[in-house]
Amino acid sequence: MDTRYSELFIIVLLLLIGFVGKANAQLYQDTLPVPFSEIVWDHTDVSGWPITAALPTVSIVGSVLHMPVDDSVCGWKTLDGKVNANVWVIAHRGGKWKANTWDFLRHTPFCQKSKLAEHIGAPDGWEPVAGEKLYIMVSGIARPGYAETIHERTNIVEYFWKESATQPLEQPPKDQVPVPLSQIIWEGSNPIPPDLPATRTMHEVWGDTNTHGQVCWRADITDWPSPDGHVNSNIFAIVLYEGKYYGFPWDYMGWKNIKPGTDNVYCKGQEHLGDYPKSQWPESLGNKPVQGEDIWHVATTIISNPSGAGFDHQRTNIVKCQWASGISCFPPKPCTGSEETPVIRSFTAEPVKVTLIPNNENNNLLLRWDTEFADNLRLETNHGDFVETNDYSPDVDGVWVRIEEDTTFMLTAINDCTPEDEWPSALVTVETQGLVPTGALSILLLNEYGNATTVPNE
């Protein structure tokens with residue numbers, strides 16, 4: 001391509017990119033109760049600064065105010081190599097609408113899009129009260145006494161301050177590990193205190209099917225303190241070995257582990273998990289867990305601390321997930337249904353003896369059940385296969401399965417409002433005849449009807 005045309009192409013492309021970015025920002029307009037001329041600016045008047053980035057909404061989760069600004073804000077010029085923006089609040093105080101910056105945002109080591117809600121306020125001591133109408137905005141550095149960096153801003157968003165903003169987080173879901181913390185054998189010198197309750201929520205755990213890929217956790221822990229400005233939490237693994245549960249901290253998490261475009265998803269390389277306890281994982285696999293193995297995950301404030309600094313101990317709820325399985329795992333839903341103990345009235349197989357036909361995929365049988373007060377169902381086999389619904393409909397009363405060897409099925413009725421040791425189970429055994437068994441099982445339709453994930457026995 002001719003150099004002149006190449007340069008022209010690049011210039012046009014850059015202009016188009018800039019135009020599209022600004023056009024997207026302009027889709028969001030300022031929401032204000034009065035004209036700019038009636039606002040008293042305690043800090044630099046930025047009303048004339050152009051809107052070049054969008055702030056679609058504002059929300060509060062627990063104690064954290066989330067402001068999902070465009071990623072373009074991360075590219076704004078920085079003040080000191082770290083902070084590059086101010087967060088604003090416009091509120092009615094002293095009989096006038098007044099605007100002031102109340103905090104800074106940093107663009108490194110991750111694009112910050114949230115701040116502790118309790119930080120919001122004004123130089124005269126004002127703090128918002130429940131139900132008060134506020135207006136939130138993000139701009140380039142505009143606080144007096146600091147060098148201005150870039151004269152750009154987001155649109156202004158209206159937000160009604162919630163009383164919950166200054167209250168503790170909602171009660172996290174219950175732990176999924178089936179034993180108390182006091183019954184876990186802790187490897188190393190930094191156990192989780194047995195009486196430490198969960199105060200933060202771990203919403204989700206998932207990992208790549210490649211054991212050298214990543215494992216990620218979505219958790220409300222970004223405001224936990226850091227001893228060194230980098231890491232602010234430990235991630236613990238709990239494993240089951242020879243009937244006993246072992247727990248150990250296997251890595252640190254911090255700002256650099258936050259997934260780009262998010263402010264509460266942390267990711268680490270799966271290859272980092274290993275060494276504890278050595279008796280659990282074979283040396284041939286590098287003392288690491290095998291794919292599909294059950295791992296219980298929990299994050300804590302810094303307990304295994306390289307700097308020696310101490311903090312009040314906090315932790316998330318404990319979430320169970322299969323290692324490197326490629327599926328997402330969620331904590332149990334809060335108890336919102338019946339507190340009646342679930343019941344299994346019947347559990348049958350039709351037929352109870354299956355004739356296997358060579359090269360025929362129709363070696364199917366129908367499992368039927370009749371349950372009451374069940375939020376979800378778990379179906380397991382004596383071969384190690386299992387499936388568990390996470391949004392079960394009581395209208396579903398059966399499932400087709402395909403077998404290729406004698407199989408015993410166990411059905412468990414789950415009710416999140418009752419203790420797990422009260423969940424009933426029922427067994428049914430199906431025999432096969434004919435074809436030599438090959439050792440495989442497929443649970444075919446429970447996923448469609450009951451929104452579950454099937455985990456095959458490797």
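Quick notes on this one:
- Any hit, segment 92-103, residues being of a type in the set (Gly, Ala, Ser) and touching a Lys or Arg at 6+ places or on another chain (Cβ under 8 Å): no
- Considering the conditions (1) of a type outside the set (Lys, Arg); (2) at pLDDT below 85; (3) touching a Gly at 6+ places or on another chain (Cβ under 9 Å), GLY18 is excluded by exactly one of them, (3).
- Scanning segment 406-431 for residues that are surrounded by 15 or more Cβ atoms within 10 Å (Cβ to Cβ) and of a type in the set (A, V, I, L, M) yields MET410, LEU411, ALA413, ILE414, ALA426, VAL428, VAL430.
- Against the numbered list (1) in contact with a Cys (Cβ under 8 Å, 6 or more places away or on another chain); (2) over 23 Å from TRP255 (Cα atoms), VAL73 comes up short only at (2).
- For segment 192-233, taking the residues that are of a type in the set (S, T, N, Q) and assigned to a loop (DSSP other than H, G, I, E, B), the one that is nearest to the chain's Cα centre (by Cα) is identified as THR201.
- Residue tally, condition of a type outside the set (Val, Ile, Thr) and surrounded by fewer than 21 Cβ atoms within 10 Å (Cβ to Cβ), over segment 216-247: 17
- GLU388 vs. criteria within 26 Å of the chain's Cα centre (by Cα), part of a strand (DSSP E or B) and either outside the structural domain of LEU273 (by TED's automatic domain parsing) or at pLDDT 80 or above (or both): yes
- Note on segment 234-260: residues that are of a type in the set (Asp, Glu) and in a strand (DSSP E or B) total 1.
- Filter pass, VAL69 being surrounded by 18 or more Cβ atoms within 10 Å (Cβ to Cβ), assigned by TED's automatic domain parsing to the domain that holds ILE156, hydrophobic (A, V, I, L, M, F, W, C) and in a loop (DSSP other than H, G, I, E, B): yes
- Meets criteria (of a type in the set (Asp, Glu) and modelled with pLDDT under 50) for GLU448: yes
The values are calculated or read from the model by the stated rules, or taken from the named source; none is laboratory data. Here the structure is a predicted model, which means the values were calculated and not measured. Positions of Cβ are backbone-derived with ideal geometry, glycine not excepted, and every protein chain shown enters the neighbour counts.
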